[in-house]
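Asks: Structure in structure tokens, see below.
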Amino acid sequence: MSGTGSANTSYFMNAQTADRFGQAQPHDEGMHRAAREENDHPALVETVFAGFNVPEADIHCLNYIWLHPNLRLMSGGAWCWRGFVGSQLEADLFDMRDFVPDTAITDDGGDLTDVTLPNGYRYQVVEPLQSIRMTYDDPARGNGFDVTQTAIMPPAMLPSNRHFDQVMRSTGTLRLRGEEFEVNSYAVRDRSWGEARTEDPAGASAIHWLVAVFGDDYAVHVTGLQDPTTAHWRDDFPEDPARAAAMNRGWVWRDGQLLTVTEARIETEWDTAHRRQAAHRVVAVDETGAEHVLHGQLRAAAPWHTWSNVHMSIGLARWESAGRTGYGDSQVAMWTDFVRAALRRG
């Protein structure tokens, strides 16, 4: 899918299947050292994403650990903001560090089950596949958090056994610029490993990563492309609808059952002036044939140039479905060709 044809093996950049789930193991919480022996690509990654939110205050948080095992580097940190901001540095809390040697994990007997980044962000696995804890403290700026997450569902492992998502209940405290907030909400965490995520320009439209959580009993996750036949940019950035049909997948957690999404349609309303998504309509069909219709409105968003060749718009959406209200991530990744063609100021 990359414009240069290099091997980007990341699950969200390629066609997916509706196969049943893989199987997460407790050791998947740790670093997958064997991946370095299987794949010597410099873009090999291992990631730990564990965000949380305070919906009533339109606060969204993204905390990340991003390893490049073959380069012996890691990056990541803590990030929390309120509402809409135009730059990652406008956030109340933004402390991401790049180009950090990974020796604390790979050489010193450490592991991803308990790792502290140079900025003080600490990620701990309390009970494998069940509970984690995140802490951070920056007294000089009045920022900090101590949040524990407990699983409400088993990990949704891809058939490749190289990525899982898991909805968690978040509880704890958050301090932004001296103001205290209680954290009591839902969020998703995810883990990826063994894939090469290259930085090449992508020839696709925006990649969506959407999560809606309505309670312990109901959550929906969809990843993929906007339906190009309904997009405002369809004449400026032509795209084959078959690509979305092949890429759009996910899962549904409903009443104690974990179900695959066999097809999904994503429609996105854009705020082109700010180069970000504004709202979504999602129709996901699960393996039983049941249809899940969701409408999401962005309540918070911020840009993140995860690397120089990509523009990520990270947001918190308020979701409605069948009379219920929930919240969850709206993350959209965009590359040069799409931004130039589709999101020009109008």
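Asks: Determine the dipole magnitude for the range 201-346: charges of +1 sit on the beta-carbon of Lys and Arg, -1 on that of Asp and Glu, nothing else is charged, the reference point is the Cα centre, and the result goes in debye to the nearest 20. Don't jump to the answer; show the numbers that get you there.
Replies: Working: 14 positive and 18 negative charges, 117 e Å.
My answer is approximately 560 debye.
Asks: Sticking with this one: Starting from 0.36 nm per residue, how many nanometres of slack lie between ASN309 and THR230 once their C-alpha separation is accounted for?
Replies: So the extension gain works out to 25.8 nm.
Asks: Same structure, new question: Any idea what diffusion coefficient the range 201-346 gets from Stokes-Einstein, in µm²/s, Kirkwood Rh on alpha carbon pairs, 37 °C, 0.692 mPa s?
Replies: 213 µm²/s
Asks: Once you treat every alpha carbon in the chain as an equal point and sum by Debye, what is log10 I(q)/I(0) at q = 0.11, 0.14 Å⁻¹?
Replies: -0.69, -1.20
Asks: By how many nm would the segment from GLU37 to SER87 lengthen if fully extended, with 0.36 nm per residue of separation less the alpha-carbon distance?
Replies: On the way: separation 50, 0.36 × 50 = 18.00 nm, distance 3.83 nm.
Contour length minus Cα-Cα distance gives 14.2 nm.
Asks: Once you have the alpha carbon radius of gyration of the range 1-160, what is it after dividing by 2.2 N^0.38 Å, with N set to its residue count?
Replies: Ratio of Cα Rg to 2.2 N^0.38 Å: 1.13.
Asks: Still on this structure, I have one more. Sum up the charges of everything whose Cβ sits under 10 Å from the Cβ of ALA278, counting Lys and Arg as +1 and Asp and Glu as -1, but leave ALA278 out.
Replies: So the environment of ALA278 carries a net charge of -1.
Asks: Moving on to the next point. With the cut-off at 11 Å, report for the range 5-45 the share of all Cα pairs above it, as a whole percent.
Replies: 77 percent
Asks: At 0.36 nm per residue, minus the direct Cα-Cα distance, what do ASP255 and THR336 gain on full extension? Give it in nm, one decimal, please.
Replies: My answer for the length gained is 25.0 nm.
Asks: Let me ask something else. Using a simple charge model, +1 on the beta-carbon of Lys and Arg, -1 on the beta-carbon of Asp and Glu, nothing else, what dipole does the chain show about its Cα centre, in debye to the nearest 20?
Replies: 580 debye
Each reported figure results from applying straightforward, stated rules to the coordinates on display, with no laboratory input. Model, not experiment: these values are computed from the prediction. Virtual Cβ from ideal backbone geometry, glycine too; neighbours counted across all protein chains shown.
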